[in-house]
Amino acid sequence: MLRTLKWLASSVLAVVIVAALFIALFGWNWLRAPLERQVLAQTGRVLLIQGDLDVKLGWPWPRVSARQVSFANPVWAAQAHLLTADEVAFSIHLPQLLVQRLKLSDLHLVKPLVFLQRHADGRKTWLLDLNQQNDNARIDIDRLTLDQGVIGYEDTATKTSLRAELSTVPVPAGGPGGSGANFVAKGKFKGLPLAAKGSGDSVLALLDESTPYGLTLDATIGQTRIQAAGHVTSLMKFSSVDMQLALSGDNLNQLVVLTGIALPATRDYVAQGHLVRQGNTLRYDAFSGRVGSSDLVGWWQVKTGGKRPLLSADLVSNQLTLEDLGPVIGARTGKLQAAIKAVETSGAAGAVTPASKRVMPDLPFKFANWDSVDAEVKFSAQSMRQASYMPLEALSTQLSLKDSVLTLNPLQFGVASGQINAVVRLDGRHNPIQAEAQVQLKRLALAKLLPADQKGIASTSQIGGQIKLAGSGNSVGSMLAHADGSVALLVSGGQISQMAMEKAGLHLWEIFQLTLTGDKQIKLRCAVANFDVKAGDMQTNTLLLDTEVTTLLGTGHIDLAQEKLDLTLNQKTKNTSPLALRSPIHISGNFAQPIIRVDQTRVAARALGALTLGVINPLLALIPLVDAGPGQDSDCAQWLQRKK
């Protein structure tokens, strides 16, 4: 046995000596052909090593280098080669290789041209099985350095086509060791034009979860600009992130292309803050910025690992502009201001342009993305920039999105020294969206809701009420167009302009008197608007305004689908007026430009009657113009009791 062991040892030693002599005399280039044949057999693709091949032995990481290397792409790829490089050098893990798994470390590529492509059917050029579909048939690379190269990526399914040029930047003499890398990229990302530039550390730690990689980035994707500086750990997994991040763009909902998470439509925005990832939580902390002309501060975070990502946020605006909320509810830019201006400036028979006919927000919600995320978001506006047509003072809400059902509970507005409290539920599991809303109005000051030139009409009066609606549609306008429910509003107490009420009754004598003596305030007993809503049509149950001198009683309906008004007000005078052209008042037109006019036929008949009788006797001409009254007080108590 001793002789046998000596023989085996001698044989092994002889083989090693012969191999060493062979390598010393002929080098490692003799391995090129066997290696190329083996790669072709395993992958079906050609590997060519046209320069020297060298191996520096070591355990367990021998280092391999080769010059003038190319590796083919599959025949279906747009480019012939996956990789060409002047030099390829790497360390290979021998224990992994013995179990037929290729693991590389410290891969260094000199002037590489890399082209990666993903086919629409899922095949990927970087997978090394014959069909390019086995995700395990890939090379694991721990760390990578590139010296002046070009990387391309194509994915027709996602409309992505990118080209990046990389260059190595040596550190100046006397600086720290190593070098950095600059890059410039352009192309399309998910159909959007992309342009990016930046720099990073020389070594890309692809899988290392302990070594942060320094990175600066300035990129534009579509209308979104991203500026970042900091560190990322494990570029393949992004296991840790610590960066200062600035974002800007035309609309927050465009970020769905980058994040895969549904965000609301907004006006243009900018934000800057601290982006940190730890474990499965990505947090954008202590950020500040603006949306439109409204400031915004707070934090948001996304937590993964559940059925879908969970977005949490706490956002505060110190001064919010009303128009900045328009896109969130589907209002077109500038439409709200234009509509209100049309109402305030329109004449009784003014022309209505097509652009001003619609007031209700009509842009559809993008609810198809609601199932991409669950959300719990708090938002508050400490103060509001005043708008003449809607004196909002504050806003707060708690938004919840779960399983495609969006709820605002509570949704609170400070308005005209009062408050509007609402609960809104939008069920995005259905197409169209199923919507429900319950709204309570509490102690809104009527005078603050009137246009500036009419604020003297009413004083100290307060509005309360309740709105309950349910409908379906993919925009606010279409939801209201199909709504069922009820609307009940009540104005109680306070005073109102006598001149306004005398004009409503067309009491010419009283108008003449007040013109001479000046207007005065009279008691407003109550005003009530009560509608039943069916399929978007508001039918009048009760419509009245009761004062000391007259009562206005209304009938008709409001078409929410067409935004049309069809109301008639009749006067019940409580005091005899010796000179009046009493006539019903018709309110027609649309929400953007209502038309208020008297019944000209009735007025003409009264005037004609007065002229006819005046021919007989001038005193008789006054008979058709007398409004004898007396009207009766309305039972406001029942409405006031309902308000309580």
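Identify, please: which residue in region 509-545 is modelled with pLDDT under 85 and assigned to a strand (DSSP E or B) and is, among those, most open to solvent (accessible area, probe 1.4 Å)?
Within region 509-545, the match that is most open to solvent (accessible area, probe 1.4 Å) is Lys523.
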Exercise for the section: Could you check how many residues of region 415-443 are assigned to a strand (DSSP E or B) and farther than 15 Å from Gly465 by Cα? Expected result: 7
Fill in the blank from the handout: Quick count over region 276-308, residues being over 19 Å from Val256 (Cβ atoms) and in contact with a helix residue (DSSP H, G or I) (Cβ under 8 Å, 6 or more places away or on another chain), is 3
Problem - Sole exception among (1) open to solvent by 20 Å² or more (accessible area, probe 1.4 Å); (2) modelled with pLDDT of 95 or more for Leu446, by number - result: (2)
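Yes or no, residue by residue, for (1) exposed (fewer than 15 other Cβ atoms within 10 Å of the Cβ); (2) aliphatic (A, V, I, L, M); (3) under 29 Å from Val169 (Cα atoms):
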| site | (1), (2), (3) |
| --- | --- |
| Trp30 | yes, no, no |
| Val55 | no, yes, yes |
| Trp76 | yes, no, no |
| Leu127 | no, yes, no |
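Can you tell me which residue in region 343-382 is modelled with the lowest pLDDT, limited to those that are among the hydroxyl-bearing types (Ser, Thr, Tyr) and open to solvent by 40 Å² or more (accessible area, probe 1.4 Å)? Steps first, please.
Narrowing region 343-382 to residues among the hydroxyl-bearing types (Ser, Thr, Tyr): 345-346, 353, 356, 372, 380.
Of the ones still in play, those that are also open to solvent by 40 Å² or more (accessible area, probe 1.4 Å) are 345, 353.
Values: Thr345: 48, Thr353: 41.
Among those residues, the one meeting the criterion is Thr353.
So that you can scan it fast, the table gives a plain yes or no per residue for (1) more than 24 Å from Arg143 (Cβ to Cβ); (2) without any contact (Cβ under 8 Å) to a residue 60 or more places away in the chain; (3) not polar (S, T, N, Q):
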{"position": "Lys197", "(1), (2), (3)": "no, yes, yes"}
{"position": "Leu217", "(1), (2), (3)": "no, yes, yes"}
{"position": "Gln223", "(1), (2), (3)": "yes, yes, no"}
{"position": "Phe238", "(1), (2), (3)": "no, yes, yes"}
{"position": "Asn251", "(1), (2), (3)": "yes, no, no"}
{"position": "His274", "(1), (2), (3)": "yes, yes, yes"}
{"position": "Asn280", "(1), (2), (3)": "yes, yes, no"}
{"position": "Asp285", "(1), (2), (3)": "yes, yes, yes"}
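Please determine whether any residue of region 309-316 is part of a loop (DSSP other than H, G, I, E, B), touching a Phe, Trp or Tyr at 6+ places or on another chain (Cβ under 8 Å), at pLDDT 90 or above and polar (S, T, N, Q).
Applying the first criterion (part of a loop (DSSP other than H, G, I, E, B)) to region 309-316 yields 309.
From what is left, the residues that are touching a Phe, Trp or Tyr at 6+ places or on another chain (Cβ under 8 Å) are none.
No.
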Practice task
Name the single residue, out of those in region 224-277 being within 20 Å of Ser312 (Cβ to Cβ) and assigned to a loop (DSSP other than H, G, I, E, B), that is most open to solvent (accessible area, probe 1.4 Å).
Solution key: Phe238
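Filter region 42-67 down to residues that are closer than 17 Å to Leu31 by Cα and either assigned to a loop (DSSP other than H, G, I, E, B) or within 50 Å of the chain's Cα centre (by Cα) (or both), then give me how many there are. Can you show your working first?
First pass over region 42-67, keeping only residues closer than 17 Å to Leu31 by Cα: 42, 46-57, 62-67.
This time we only want the ones that are either assigned to a loop (DSSP other than H, G, I, E, B) or within 50 Å of the chain's Cα centre (by Cα) (or both), so: 42, 46-47, 50-52, 57, 62.
Of the residues in that region, 8 qualify.
Residue check: is Ala561 surrounded by 14 or more Cβ atoms within 10 Å (Cβ to Cβ), in contact with a Ser or Thr (Cβ under 9 Å, 6 or more places away or on another chain) and modelled with pLDDT of 85 or more? So that I can check it myself, show each step before the final result.
Numbers: surrounded by 14 or more Cβ atoms within 10 Å (Cβ to Cβ): yes; in contact with a Ser or Thr (Cβ under 9 Å, 6 or more places away or on another chain): yes; modelled with pLDDT of 85 or more: yes.
Yes.
If I filter region 199-223 down to residues being in contact with a helix residue (DSSP H, G or I) (Cβ under 7 Å, 6 or more places away or on another chain) and open to solvent by less than 70 Å² (accessible area, probe 1.4 Å), which single residue comes out as farthest from Leu144 (Cα to Cα)? Walk me through it before giving the result.
Step one: filter region 199-223 for residues in contact with a helix residue (DSSP H, G or I) (Cβ under 7 Å, 6 or more places away or on another chain), giving 221-223.
Add one more test, that the residue is open to solvent by less than 70 Å² (accessible area, probe 1.4 Å), and what stays is 221-222.
Working: Ile221: 26, Gly222: 30 Å.
My answer is Gly222.
Matching residues to (1) closer than 30 Å to Asp250 by Cβ; (2) of a type outside the set (S, T, N, Q):
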| residue | (1), (2) |
| --- | --- |
| Ala196 | yes, yes |
| Asp201 | no, yes |
| Ser210 | no, no |
| Gly214 | no, yes |
| Ile221 | yes, yes |
| Ala229 | yes, yes |
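So is Thr160 touching a Ser or Thr at 6+ places or on another chain (Cβ under 6 Å), free of Cβ contacts under 8 Å to residues at least 40 places away in the same chain, of a type outside the set (Gly, Ala, Ser) and open to solvent by less than 60 Å² (accessible area, probe 1.4 Å) or not? Walk me through it before giving the result.
Values: touching a Ser or Thr at 6+ places or on another chain (Cβ under 6 Å): no; free of Cβ contacts under 8 Å to residues at least 40 places away in the same chain: yes; of a type outside the set (Gly, Ala, Ser): yes; open to solvent by less than 60 Å² (accessible area, probe 1.4 Å): yes.
No, not satisfied.
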Practice task
Please list, ordered by first then second residue, the pairs with beta carbon atoms under 6 Å, 6 or more apart or interchain, first in region 59-79 and aromatic (Phe, Trp, Tyr), second part of a strand (DSSP E or B) and at pLDDT 95 or above.
Solution key: Phe71/Leu47; Phe71/Leu82; Phe71/Leu83
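Would you be able to say whether some residue in region 137-151 is at positive phi, surrounded by fewer than 16 Cβ atoms within 10 Å (Cβ to Cβ) and not charged (D, E, K, R)? Give the derivation first.
In the first step, residues of region 137-151 are kept if they are at positive phi; the result is 148.
The next check asks that each one be surrounded by fewer than 16 Cβ atoms within 10 Å (Cβ to Cβ); those that pass are 148.
Adding the requirement that they be not charged (D, E, K, R) leaves 148.
Within region 137-151, one or more residues are at positive phi, surrounded by fewer than 16 Cβ atoms within 10 Å (Cβ to Cβ) and not charged (D, E, K, R).
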Fill in the blank from the handout: Here the residues within region 309-324 that are in contact with a helix residue (DSSP H, G or I) (Cβ under 9 Å, 6 or more places away or on another chain) and open to solvent by 20 Å² or more (accessible area, probe 1.4 Å) are Pro309, Leu322, Glu323
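The values are calculated or read from the model by the stated rules, or taken from the named source; none is laboratory data. Being a predicted model, the structure only gives us computed values, none of them experimental. Every residue, glycine among them, receives a Cβ derived from its backbone with ideal geometry; neighbour counts consider all protein chains shown. Surface accessibility is based on the protein's heavy atoms, side chains included, excluding ligands, DNA and RNA. Shrake-Rupley method; radii C 1.70, N 1.55, O 1.52, S 1.80 Å.
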